[in-house]
Amino acid sequence: MSSQVSAVAPASLWEGGQSPYRTNSKKFGMWLFIISDSLTFSALLFAYTYSRVATPGWPTPFHFSPSIIFSSIMTFCLLTSSLTMVMAVHSMNQGNRKAAAGWILGTMAGGAAFVILHLNEWMNLINNEHITAFGNEFGIPLFGGTFFALTGLHMTHVVIGLIYLGIICQAVLRGKFKAEDVEVSGLYWHFVDLVWMFIFPLVYLMSAKI
Amino acid sequence: MSAHTEDAIHEHGASIPTFARVWITLLVLTGVEVFLAYEQVPTLIMLTALLGLSVIKAALIIAYFMHLKFERLSLFLTLFPMMILCVLLMLIFLGDAARLPGMRPGA
């Protein structure tokens, strides 16, 4: 009798337990990736900030129209795509694969709009403000270098996210993958959104020219 | 982790109206940030306000959209204190960056 009781008794969390985080291994792996990637973005944001603090006359090339308006719309696109991603996970948990695929496509549309608007913003800076990654009219090449490195890495993450969601979406429609797979891809997408919540104010709004 | 354990994980989470409220809050906070930029408030106040708002927005996204509020505390304690410590350690060079303009020749 006593051996039966000990067999069903939960093991202590500090001894490893049966499932110390009560989460699946894919989700935990994605969390570890997100934490390491957040340190990469933190390092780049600090590099941008330190360059700015150490350089008198840091450029403020972002006019309210179009730069700040465009970047605000980009923020709206990303935030809305996060909501649609949450809905995709919710639909998958309910077992509604068709609705989940629809929400994932909506998420991809938000991400694609973000990339298009961002490239348009880059073109505006390059063609109208004459700012490149290696030089600008302000005589502070560090601005272009740090700006394009930071926003470029973020845009790369968005593009990779779009490809990732595309793969997940077609698999969901074909009856493959479980709800947890959609949830893991959602974690990645929300992280991309999260990073933009720091880039938008620190890079764009702090350098706004009204 | 065994497949049996993974299947046995019970799903908890917020409801759709909660997600919608979080989304609206995030949009409103973004609107406040843009308003601060438009009003061109002093740099230090603006930086403090923008960083504060960004941390609130990040916390909302992590807690609700990324579901961390509904995960075990052990997951949060494993991941976040270490990450926050590493980010804070990057502040070490702020003093050097701030001193640099005064150290330039002719400054």
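Here, each number is a calculation from the coordinates, and none is a lab measurement. Predicted, not measured: the structure shown is a model, and the values here were computed from it. Ideal geometry is used to build each Cβ from the backbone, glycine not excepted, and the neighbour counts take in all protein chains shown.
Summary of computed values
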quantity	calculated
Exposure proxy ranking, count of Cβ atoms within 10 Å, fewest first, for B:Trp23, A:Trp103	B:Trp23, A:Trp103
Axial C-alpha extent at least 24 Å, average Kyte-Doolittle at least 1.0 - helices from chain A (DSSP)	A:69-93, A:141-173
Nitroxide proxy distance, nm - points 7 Å out along Cα→Cβ at B:Lys69 and A:Ser65	3.8
Proximal lysines to A:Lys176, defined as alpha-carbon separation beneath 20 angstrom and excluding residues fewer than eight positions away on the same chain	A:Lys26, A:Lys27, A:Lys98
Residue-span extension gain [A:Asn127 to A:Ala149] - 0.36 nm each, minus C-alpha spacing	6.1 nm
Alpha-carbon centroids, region B:41-84 and region A:25-70: separation in whole Å	15
Fully extended contour minus Cα-Cα distance, from B:Ile45 to B:Val28, at 0.36 nm per residue	4.2 nm
C-alpha long axis of helix B:43-60 to longest principal axis of chain B, angle in °	10
14 Å beta-carbon shell around A:Phe138, net charge (K/R +1, D/E -1)	0
In degrees, nearest ten, helix B:16-39 long axis to first principal axis of chain B (Cα)	0
